[in-house]
Amino acid sequence: MVKRIIWSKIAIKSRDEILEYWSQRNRSRRYSIKLSKVFQRAINNLQGFSSLGKKTNRVNTRECIVINYSIFYEVTKKEIIILLIWDNRRNPKDLKLN
């Protein structure tokens, strides 16, 4: 069953910060556009296979790893809520899922 995708404000902000970082670092939006498409494909896969990611310590929350990033999401009966996109090269102590 295809579930509706909901983006949290934190997830939108984290995605935008990652894409902006790469745009500034590379002085081009080319890689950011490719990375955005990779994120979107992974999330589209979650619509059909919501249990694709591994379970986390939080109830109903899963983690899907894409390249060097983790997409944290919560699964309900009708929706998949994208909670955060996390760069796995960052310090794990800074990771906070609200």
Give me the angle, in degrees from 0 to 90, between the Cα long axis of helix 30-48 and the longest principal axis of the Cα atoms of the chain, rounded to the nearest 10.
0 degrees
Which loop-located trypsin sites (Lys or Arg not before Pro) does the range 11-64 contain, where loop means any DSSP state but H, G, I, E or B and the Cβ has at most 12 other Cβ atoms within 10 Å?
Arg27, Arg58
Between helix 9-26 and the chain: long-axis angle, C-alpha atoms, 0 to 90°, nearest 10:
30 degrees
Any idea which of Asn68, Val38, Leu83 is furthest toward the positive side of the dipole for the chain, if Lys and Arg beta-carbons carry +1 and Asp and Glu beta-carbons -1?
Val38
Nothing charged except the Cβ atoms of Lys and Arg (+1) and of Asp and Glu (-1): what's the magnitude of the dipole of the chain about its Cα centre? Round to the nearest 20 debye.
140 debye
Count neighbours as other Cβ atoms within 10 Å of each site's Cβ, and list the chymotrypsin sites (Phe, Trp or Tyr not before Pro) in the range 1-82 that are DSSP loop with at most 11 such neighbours.
Phe49
So, relative contact order of the range 1-63 in percent, Cα under 8 Å, 6 or more apart, is 29 percent
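Every read-out reported here was derived from the displayed coordinates using simple, explicitly stated rules and does not represent laboratory data. Please read all numbers here as calculations on a predicted model, not as lab measurements. Neighbour counts are summed over all protein chains in view; Cβ atoms, including those assigned to glycine, are modelled from backbone coordinates with ideal geometry.
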